[in-house]
């Protein structure tokens with residue numbers, strides 16, 4: 001059994017890259033570079049042979065806080081003018097949580113992401129802020145692990161942009177089955193989506 005702490009740049013920060021101006025179209029001219037100050041911390045845990053021989057339990061938590069000057073942002077469909085514009089002061093913070101358990105005959109995984117992006121001048125939500133997302137997966141194995149089957153659910157929370165455009169929350173349920181037979185891999189996937 002082992003446990004440890006780690007500090008790394010979270011995946012969420014990679015979504016906030018600057019968008020450069022396109023000299024061909026001439027749109028969004030005069031954009032500034034986006035200097036930023038980032039802080040992040042993480043904790044990870046990994047355990048083996050906890051409930052059965054060969055099983056494993058993994059857990060990872062990451063939190064981050066980023067302050068950006070002159071962030072390049074898409075104003076939104078309701079705002080006339082350039083395709084992109086600078087936000088004088090923006091703050092992006094969030095948390096990402098993921099983990100999983102794996103044994104000879106069963107397995108499960110989960111991942112949760114919550115990111116908050118704010119225009120600190122107006123207090124409005126940044127249009128590029130992704131919706132909260134939760135992913136759950138449960139499954140089992142049989143016939144000497146040649147057959148694997150299970151359920152996967154992906155759920156996104158409703159969100160709205162600064163320009164008032166709203167997006168409903170939705171979920172996707174997938175039933176999957178994988179079978180290895182004579183070196184060949186057969187996969188069956190059935191999905192269903194619903195909104196709320």
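All of the numbers you see were taken from the coordinates with simple rules; none came from a lab. Computed from a predicted structure; not experimentally measured.
Return the whole-Å distance between the Cα centroid of region 51-67 and the Cα centroid of region 111-155. Taking the Cα centre of each part, region 51-67 and region 111-155 sit 15 Å apart. The coefficient of translational diffusion for region 103-179, derived via Stokes-Einstein from the alpha carbon Kirkwood radius under 10 °C and 1.306 mPa s, stands at 107 µm²/s. If you wrap the Cα atoms of region 82-143 in a convex hull and average its projected area over all directions, you get 6.1 nm².
Kirkwood radius for region 51-183, taken over all pairs of different Cα atoms as the inverse mean of 1/r, rounds to 17.9 Å.
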